[in-house]
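J.: My questions will all concern the structure given below.
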Amino acid sequence: MLTPKYPHQDTAPPATAPVREVPAHGGSVVPASAAPLANRPTVQLTPGSALALAAGGGAVVLVVGAVLVSMLLAVAITGVSVALVAVVLRLLLKDLAKQH
């Protein structure tokens, strides 16, 4: 009843890379995808660079967190001040109505 259902095993033959021929002055036949991969630099992550990456990520999280908290604090202070102004205006209008 609760047994997992796995997809069927792929039995298709592996795809072959398109063949690119070298000019007639000599050489051999090379797969088209092999040439661009040979020029790509490899990225190696050393322990020092991993530590620097983690420290940079932590710094970004702290900065974004500080900005978000300060924005929330600004909104809270603005809300309290607007509420305080509303109370003061209400009291002033009440006193003004009593005098007339």
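J.: Here are G58, G48: which of them is in a helix (DSSP H, G or I), at pLDDT below 95 and open to solvent by less than 70 Å² (accessible area, probe 1.4 Å)?
T.: Going through G58, G48 in turn, the sole match is G48.
J.: Here is a further query. Here are the criteria: (1) surrounded by fewer than 10 Cβ atoms within 10 Å (Cβ to Cβ); (2) under 23 Å from the mean Cα position of the chain (by Cα). Tell me which single one P41 does not satisfy.
T.: P41 satisfies all of (1) surrounded by fewer than 10 Cβ atoms within 10 Å (Cβ to Cβ); (2) under 23 Å from the mean Cα position of the chain (by Cα) except (2).
The values are calculated or read from the model by the stated rules, or taken from the named source; none is laboratory data. Please read all numbers here as calculations on a predicted model, not as lab measurements. Cβ atoms come from the backbone with ideal geometry, glycine included; neighbour counts cover every protein chain shown. All accessible areas refer to the heavy atoms of the entire protein, side chains included, with ligands and DNA or RNA removed. Shrake-Rupley method; radii C 1.70, N 1.55, O 1.52, S 1.80 Å.
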